[in-house]
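Structure first, then comments.
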Amino acid sequence: MPASTKTTSARRQFVFVVSLAIVLLFVLIGILVPTELDALTGRLHEIVIREVGWGYLLAAFVFLIFSLYMALGPYGRLRLGNDNEKPQYSYFGWFSMLFAAGMGIGLIFWGVAEPLSHYLQPPEYITPRSGEAAGFAVAYSFFHWGIHPWAIYIVMSLSIAYFSFRRGMPPLISSCFYPLIGDRIYGPLGYAIDILAVFATVFGIATSLGLGAMQITGGLAAVFPIAAGATTTLTVIAVVTVLYMISSMVGLDKGIQVLSRGNVMVAVLLMAAMLVLGPTAYILNVFTTTIGEYLATLIKRSLDVNPFKGHEWTQSWTLFYWAWWISWSPFVGLFVASISRGRTIREFVFGALAVPALLTFFWFAVFGGASLHLELERGVAIAERAVADVSTALFDVYAYYPGTALLSAITLVLLGVFFVTSADSATYVLAMMTSQGNLTPPIWKRITWGLLQSSTAAVLLLTGGLEALQRMAILAALPFTVVMLLMTRSLLRAMRYERLYERDAKRR
Amino acid sequence: MFETVLIPLNLRESPQLVERVAAALAAYGAESIILLHVQSSPQPSRRSAELDRHAEELRQAGYRCRVLQRSGSVAPTVVLTAAEEGCSLIAYPWRYKSWIQRSLVGSVTKDIVRLSDRPVFVYKPARVQSSRTEGDLNGPVVMYATDFRDTDSVVIPYLTARLPDTGSLLLLHAGERAPDPAAEGRRLARVNAALERLATECREPGHTVTTASVVGRPRTAVVRQAQRNRVDVLVIGKADSERALATVLGSTAESIAYNARCSVLIIPRTATPEEL
């Protein structure tokens, strides 16, 4: 083999090899010294949230304004692809995949547990278990899962989609920096950005899968006479791994799309069922009131670090979430970019901001409203149990409504499929990121990343290093916030160039 | 030629500095000099003797010179007087101000550049330049930073006819990188072709004309290139921007005029070389 070909091949595998080595090293540390890793990441996480948590809040607000400017400003009509290109997926297919990748499993996990947790443990200036606490609980659940996470994802996915589909560059995060650093994107700086993205994605998805597996186990134990132990959790992970590897082999069009479409339909059906079986008017009252409060307080809450009262609560919830969404953004951003070819920026931004957020609001109103109704109106003390074991909170609520077994079974299916779609899309994105942005990455890389993220989740669930891993993913949010802020600058510069020198030239 | 040149003085300048400004202007064909002092108070100035002394020294050095005194806000008065007296150029020595001074009292240099519709020459002594000295053996180096906009048509006559003693002329384009490598290749090809076209227009017997293009924000890249190429006089065009950000931060021309470490000639788009 000629030397130059060897060099090219080595460069091509550089991000893959280095990322793999770093991930394996940290997983090994998590296995060998989980307590020390937990203490170290806990300390680092605390310092970051305490010292620069305000930065996350400001950055997320900047991303929201940026997204709206992109949709409403002079670049809204630009297409993420050639000028005459049509969208690759239908609206429903696109929304389904957006939702499955961006929220999915987390929403089922926290749909009941988060409102109940805020209701039981609000900031110190609100009386726990009061009507005020209930209002606060649903309002902040809306806020944490509302349009901000999507604005964060939009910055990432819009940049990647623009530079790859409109400018013909590989769909990599480093490609978005060409206007700022030029050919250095092909050097250590570009590699560092892509490796950081792989790092955040692997650890983020591994923790999400670990938590998802725990919830499926909890659900299985609630429905079937099965012990919710480590063996069951490992079996769940093994089964789901086989399923998502199959889905991954089948490809994006048949695999993730079909599963996501089916899952969103099931999710909507489950919501509708809960709305009918639960306190319908109460839920709709919660939805309407909270939407109003959400809109009225959007700007205030977007920038509210609460330095004078409730600061610790804000740190442990809002700032944690914002860091989590940012650390999650390379994965979701790359995935959403890869399914958004052919859409205009305006429809992309409004579609990605409004539709998933509305679905999420309705989800929280239905499940949060139903669980708060139990607490406030029927005197069922469910909040303690929900906070004590977040993974079974949803199943606990079902026990007080008709059709418990059916609802639990549907939820288990939903969880399983969301698990599969999340892991499948993460596997695809990781293989793509480590194949120089190849949209059809080699099968062996998909298998490598798929097995690695599942085995990481399984092993760290057993050794107790999963939370440490989650904190490491969140720590990656700090450099990524800077990366994303620079990304907005780079994207604006590129679009301005196109408007000034290319579109005007075309018109002439 | 720049026939009549207005030199505003705050009378803290040394006679040597004033003479060096006059000498620099003479190289570009200045025939008559008006020394202007603007004071804030309408009372007769106690420093008119100093202004006369500067004028007298210039006359003794062989320059046609007269003096004027005005009162009012400095920058607008200078620009107004230049119009009243039919001056073809406003020239003045650059005065350093720290950022605190600039924040508190503003910069007259920047204000005159902003307000003037006539060419402005900001003279910077050789000591603020990197290592080059005036009257270098190879002749002065003039650099024109172009953005290929309509200011070129106004500036080129100055480069070809009004800077006759130019030892070498460097045509520089500083622009932002295109969004992708292919577009960047096309941009570079366009830039090089445009620079070559400009170079052809500027070529005169005895002049060396070279071209260069760099990537970066013009307001910083041009200053850096002027320093790197040891430029004596940096020529820039000025187009009044209506962009909100430029209104707040100041134009590229104002920024370059202040930050460059060599003398800067700013030619506004509204300047009419035919009439000068």
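Where a number appears in this text, it was derived from the coordinates with a stated rule and is not lab data. Just so we're clear, the structure is a prediction, and the values are computed from it rather than from any experiment. Note: ideal-geometry Cβ built from the backbone for every residue, glycine included; neighbour counts use all protein chains shown.
Annotations
- Estimated FRET transfer efficiency (B:SER73, A:SER455; beta-carbon r; R0 56 Å; 0.05): 0.15
- For region A:311-366 and region A:78-124, distance of Cα centres in Å: 6 Å
- The chymotrypsin sites (Phe, Trp or Tyr not before Pro) of region A:155-235 include none that DSSP puts in a loop with a beta carbon having at most 15 other beta carbons within 10 Å.
- Taking every alpha-carbon pair under 8 Å whose residues sit at least 6 apart, region A:1-135 reaches a relative contact order of 7 percent.
- Normalised Debye scattering of region A:108-256 at q = 0.12, 0.18, 0.19 Å⁻¹ gives log10 I(q)/I(0) of -0.84, -1.14, -1.17, counting only Cα atoms as equal scatterers and leaving out solvent.
- Note on the protein assembly as shown: dipole from Cβ charges, positive end direction compared against A:ALA21, A:ALA213, B:TYR28; the farthest Cα belongs to B:TYR28.
- Residue-wise HN-Hα couplings along region A:190-199, as the Karplus relation 6.51 cos²θ - 1.76 cosθ + 1.60 with θ = phi - 60° gives them from phi, are x, 4, 4, 4, 5, 5, 4, 5, 5, 4 Hz; Gly and Pro carry x.
- Share of pairwise Cα separations in region A:133-179, more than 15 Å, in percent: 55 percent
- Max mean-square fluctuation residue, GNM over chain B, Cα-Cα springs under 10 Å, options B:GLU56, B:GLU19, B:GLU84: B:GLU84
- Descending semi-axes in Å of chain B, equivalent ellipsoid built from Cα gyration tensor: 32, 21, 17
- Looking at region B:1-46, the trypsin sites (Lys or Arg not before Pro) that sit in a DSSP loop and have at most 13 other Cβ atoms within 10 Å of their own Cβ are B:ARG12, B:ARG46.
- Ordering B:ALA257, B:TRP99, A:ASN306 by Cα displacement along the dipole of the protein assembly as shown toward the positive end leaves B:ALA257 in first place; charges were set at the Cβ atoms of Lys, Arg (+1) and Asp, Glu (-1).
- Estimated distance in nm for a label pair at B:ARG269 and A:SER316, the labels positioned 7 Å out from Cα along Cα-to-Cβ: 6.0 nm
- Whole-Å distance, taken between Cα centres, linking region A:413-448 and region A:226-300: 19 Å
- Structural descriptor for chain A: relative contact order 35 percent, calculated from alpha carbon pairs under 8 angstrom and at least 6 residues apart.
- Peptide ranges A:166-172, A:124-130, A:18-24 listed from the most packed, as the mean C-beta count within 10 angstrom indicates: A:166-172, A:18-24, A:124-130
- Short-range pairs are left out: with C-alpha atoms under 8 Å and at least six residues apart, the relative contact order of region A:414-457 is 34 percent.
- Under the convention that each Lys and Arg Cβ holds +1 and each Asp and Glu Cβ holds -1, the size of the dipole of the protein assembly as shown around its Cα centre is about 1420 debye.
- The simple spin-label model puts a point 7 Å past each Cα toward its Cβ; for A:VAL276 and A:VAL413 those points are separated by 1.5 nm.
- For region A:166-323, fraction of C-alpha pairs farther apart than 23 Å, in %: 69 percent
- DSSP beta bridges in the protein assembly as shown [antiparallel fraction, %, rounded to 5]: 10 percent
- Taking amide H as placed 1.01 Å from N in the peptide plane, the amide H of A:THR344 sits under 5 Å from that of A:LEU80, each at least 5 places away or on another chain.
- Peptide-level mean, for A:492-499, of C-beta atoms on other protein chains within 10 Å: 3
- Taking Cα centre as origin and charging only the Cβ of basic (Lys, Arg, +1) and acidic (Asp, Glu, -1) residues, the dipole magnitude of chain B rounds to 1000 debye.
- A Förster distance of 41 Å, applied to the separation of the beta-carbon atoms of B:ARG186 and A:ARG43, puts the FRET efficiency at 0.20.
- Distant-in-sequence amide H partners of B:THR210 (H built 1.01 Å from N, under 5 Å): B:LEU169, B:LEU170, B:LEU171
- Pairs of Lys residues in the protein assembly as shown, spaced 8 or more positions apart or belonging to different chains, with C-alpha separations under 18 angstrom: 5 in total.
- Förster radius 45 Å - calculated FRET efficiency between A:ASN82 and A:LEU269, Cβ distance, rounded to 0.05: 0.75
- Annotation: region A:49-102 has a Kirkwood hydrodynamic radius of 14.1 angstrom, from the mean reciprocal C-alpha pair distance.
- Prolate/oblate/rounded call for region A:80-136, Cα gyration tensor, a/c under 1.5 rounded: prolate
- Take each residue in A:475-484, count the other chain C-beta atoms within 10 Å of its C-beta, and the mean is 0.
- Restriction of the trypsin sites (Lys or Arg not before Pro) in region A:346-443 to DSSP coil positions whose beta-carbon has at most 10 other beta-carbons within 10 angstrom yields A:ARG378.
- Using only alpha-carbon positions in region A:361-446, the gyration tensor eigenvalues give semi-axes of 39, 13, 11 Å once each is multiplied by 5 and square-rooted (largest first).
- Listed peptides A:391-397, A:313-319 by packing density, highest first (mean Cβ within 10 Å): A:391-397, A:313-319
- Along principal axes, Cα extents of region B:4-123, largest first, whole Å: 40, 31, 28
- Averaging 1/r over every pair of different alpha carbons in the protein assembly as shown and inverting the result gives a Kirkwood radius of 30.3 Å.
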